[in-house]
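Have a look at this one.
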Amino acid sequence: MTLDLFEKFNPILNEYNSLPNGEANPFTVSMEKVLSPTTAIINGRETVLAGTNNYMGMTFNAECMEAAQEALTALGTGTTGSRMLNGTYNSHKRLEETLKEFYGTKHAIVFSTGYQANLGIIATLAGPKDYVVIDADSHASIYDGCAMGNATVVRFKHNNPENLDKRLARIRRDDPKAGILVVLEGVYSMLGDQAPLKELTKISKDHNAYVLVDEAHSIGVFGETGRGVAQEQGVEDQVDFIIGTFSKSVGTIGGYCVSNEPKFEALRLVCRPYMFTASLPPSVVASATKALELIANTNLRSKLLGNSMRLNRGLSRVGFEMGTTGESPIAAIIVDDQNTAIAFWGEMIKEGVYVNLALPPATPNRLNLMRCSLSAAHTFEQIDFMLEKFELVGKRLGLLEEISESALA
Ligand SMILES: Cc1ncc(COP(=O)(O)O)c(C=O)c1O
């Protein structure tokens, strides 16, 4: 008898099939046309995009587009090979040089996605006798990197220095010579809270551990030259590996790791998610290189954080329960009931605002979130439009008191 491999998916399929059909289904919606970094046509209607992670609005940057088009014409649509074989072009090396200059590090390795960068670096660095110590709210790519490797995985409470200290002390007591890799994120993607890197890196170093910081949501956004939260908090010299992505502020796709570790280049010979996949196409490499140059010198960071304060404050003012209070370009409204969250999403799209609906298990503490991630390209007018619609729908669904201070006050 053949066993049904799909039977185990029945519970999630049942849940999925109970979602509303048509335009209010968050998992079937598609962009009919993208007009700009902040607007698209969805369900035939012009919609403000409030959840793209396009922090710097780079997807339509004229210089990045021109660089991509030139590379496409000169070098074709793809490399059809891994970085180990025919997939390393001069432009891939130039991109790695640009990353080294951007971070002031000795080494940089580019991956085909940020997901693969975490997968590859974590699984390869931490071997059978080593430990990986991760924050409980880590991104799926960090968890998957742990699952792919052979190290012992230890979790500590989210952003909790005392708990990290306790975990590391115990590992050191049991195994004084163990290799330990502590994995942190600059900004946590669901609620948008920053890590207290000063405390966490100090504790890690006190226990002789290596530190990796994933700056996926903070590159471009924080730090004097946009290097992220480690730069912002002045602890770059305490961080051994920085992971990042080109899929958010940089406006394209790809991932990377930078480091000053003397033997870092050995990873090119042993890191399977680097070796056994095709390299990035030349057009992507060209636009990423140009975007990094622009991000280092931009004055868009203060515009972005101003946008974030405006949205976070407006949403708090009318009485929404927020994940955090404007520490990053991410603003997340907490909705107690999952069906109400799904309805909220559906009403917002009908009103012309696209938000990210984030549900468990992708969220911390099984929260249901209406998650916005703002762009420097958003105008105050667009943010006020979002606020007006959030307030309207919040009242319609009974989430807000009828009498409240207006979000726009
Ligand atoms: C914290 C974090 N790390 C890594 C990634 C993966 O990035 P990419 O989209 O480049 O695969 C993401 C993407 O959502 C992320 O939020």
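We did not get these values from a lab; they are worked out from the coordinates using the rules stated. Remember, predicted model here, so these are calculated numbers, not experimental data. Positions of Cβ are generated from backbone atoms using ideal geometry, with glycine treated the same way; all protein chains shown enter the neighbour counts.
Loop only by DSSP, 14 or fewer other Cβ within 10 Å of the Cβ. Give me the trypsin sites (Lys or Arg not before Pro) in segment 100-184 that pass, ordered by residue number. Can you show the working numbers first?
Values: sites: Lys100, Lys106, Lys129, Arg155, Lys157, Lys166, Arg167, Arg170, Arg172, Arg173, Lys177; in loops: Lys106, Lys129, Lys157, Lys177.
Passing both the DSSP loop test and the Cβ count: Lys106, Lys129, Lys157, Lys177.
Additional query: Connecting C-alpha atoms closer than 10 Å in a GNM of the chain, tell me which of Asn260, Asn14, Asn368 has the biggest fluctuation.
Comparing Asn260, Asn14, Asn368 in a Gaussian network model of the chain, the most mobile one is Asn14.
To the nearest 10 degrees, how steeply does helix 90-103 sit against the main Cα axis of the chain, on a 0 to 90 scale?
80
On the principal axes of its Cα set, how long, how wide and how thick is segment 12-56? Give whole Å, largest value first.
Here the spans come out as 38, 23, 11 Å, largest first.
Spin-label point model (7 Å from Cα, Cβ direction): what's the Glu101 to Tyr143 distance in nm?
Computed distance between label sites Glu101 and Tyr143 equals 4.0 nm.
Tell me the net charge near Glu101. Cut-off is 14 Å between Cβ atoms, Glu101 excluded, with +1 for each Lys or Arg and -1 for each Asp or Glu.
+3
Same structure again: By DSSP, what percent of the beta bridges with both residues in the chain are antiparallel, rounded to the nearest 5?
If we restrict to bridges inside the chain, about 60 percent are antiparallel.
Once the Cβ-Cβ distance between Lys166 and Lys198 is put in as r, and R0 is 22 Å, what FRET efficiency do you end up with, to the nearest 0.05?
Working from the Cβ atoms, E equals 0.75.
Go through Lys290/Lys389; Lys129/Lys290; Lys177/Lys263 and tell me which ones have a Cα-Cα distance over 30 Å in this structure. Before the final figure, lay out each step's value.
Details: Lys290/Lys389 36 Å; Lys129/Lys290 41 Å; Lys177/Lys263 20 Å.
As for pairs spanning more than 30 Å Cα to Cα, those are Lys290/Lys389; Lys129/Lys290.
Separate question: Can you pick out the pairs among Lys93/Lys198; Lys100/Lys198; Lys157/Lys350 whose Cα atoms lie more than 27 Å from each other?
As for pairs spanning more than 27 Å Cα to Cα, those are Lys93/Lys198; Lys157/Lys350.
Then there's this: Please work out the FRET efficiency for the pair Phe276 and Lys93, using the Cβ-Cβ distance as r and a Förster radius of 25 Å; give the result to the nearest 0.05.
For Phe276 and Lys93, the calculated efficiency is 0.80.
Okay, moving on. Report the Cα centroid-to-centroid distance between segment 1-54 and segment 334-409 in angstrom, as an integer.
So the separation of the two Cα centres works out to 17 Å.
Which is the longest stretch in the chain that no exposed loop site breaks, taking sites as GluC sites (Glu not before Pro) with a DSSP loop state and at most 14 other Cβ atoms within 10 Å?
Longest site-free region, per DSSP loop and neighbour criteria: 33-223.
In nm, give the distance between the simple-model label positions of Glu70 and Asn43, each being 7 Å from the Cα along the Cα-to-Cβ direction.
Taking the two extended label points, one gets 4.3 nm.
Measure out, as a whole number of angstrom, how far apart the alpha-carbon centroids of segment 61-85 and segment 178-219 sit.
Cα centroid to Cα centroid, the span is 33 Å.
Another one. Report the full-extension gain for the segment Asn10 to Asn25: residue separation times 0.36 nm, less the Cα-Cα distance, to one decimal in nm.
Result for the pair: 3.5 nm of gain on full extension.
A follow-up question, please. Expected output is a single nm value to one decimal: the length gained when fully extending between Ser406 and Lys157, i.e. 0.36 nm times separation in residues minus the C-alpha distance. What is it? Spell out each step's value before the answer.
Numbers: separation 249, 0.36 × 249 = 89.64 nm, distance 3.65 nm.
86.0 nm is the gain from fully extending Ser406 to Lys157.
Then there is this: How large is the dipole of the chain about the Cα centre if only Lys and Arg carry +1 and Asp and Glu carry -1, each at its Cβ, rounded to the nearest 20 debye?
On the way: 37 positive and 47 negative charges, 201 e Å.
With only Lys, Arg, Asp and Glu charged at Cβ, the dipole is about 960 debye.
Under a plain spin-label model, where a point goes 7 Å from the Cα along Cα-to-Cβ, how far apart in nm are Ala62 and Thr225?
According to this spin-label approximation, the distance is 2.7 nm.
Okay, moving on. Tell me, what is a quarter of the convex hull surface for the C-alpha atoms of the chain, in nm² with one decimal?
That works out to 22.5 nm², a quarter of the Cα hull's surface.
Using only the alpha carbons, work out the radius of gyration and Dmax of segment 146-249 in angstrom.
Rg then Dmax for segment 146-249, in Å: 13.8, 42.
In a shell of Cβ-Cβ distance under 11 Å around Val285, excluding Val285 itself, what net charge do Lys and Arg (+1) and Asp and Glu (-1) give?
Once positives and negatives cancel, what remains is +2.
I want the local charge near Asn307. Using Cβ-Cβ distances under 13 Å, sum +1 for each Lys or Arg and -1 for each Asp or Glu among the other residues. Don't jump to the answer; show the numbers that get you there.
On the way: positive: Arg301, Lys303, Arg310, Arg313; negative: Glu381, Asp384.
Net charge in that neighbourhood comes out at +2.
How big is the Cα convex hull of segment 61-296 in projection, averaged over all directions, in nm²?
Approximately 11.8 nm², given one-decimal rounding.
Here is a follow-up. With r defined as the distance between the Cβ atoms of Asn208 and Leu397 and R0 fixed at 60 Å, what FRET efficiency is calculated, to the nearest 0.05?
Numbers: r = 52 Å, r/R0 = 0.86.
FRET efficiency, Asn208 to Leu397: 0.70.
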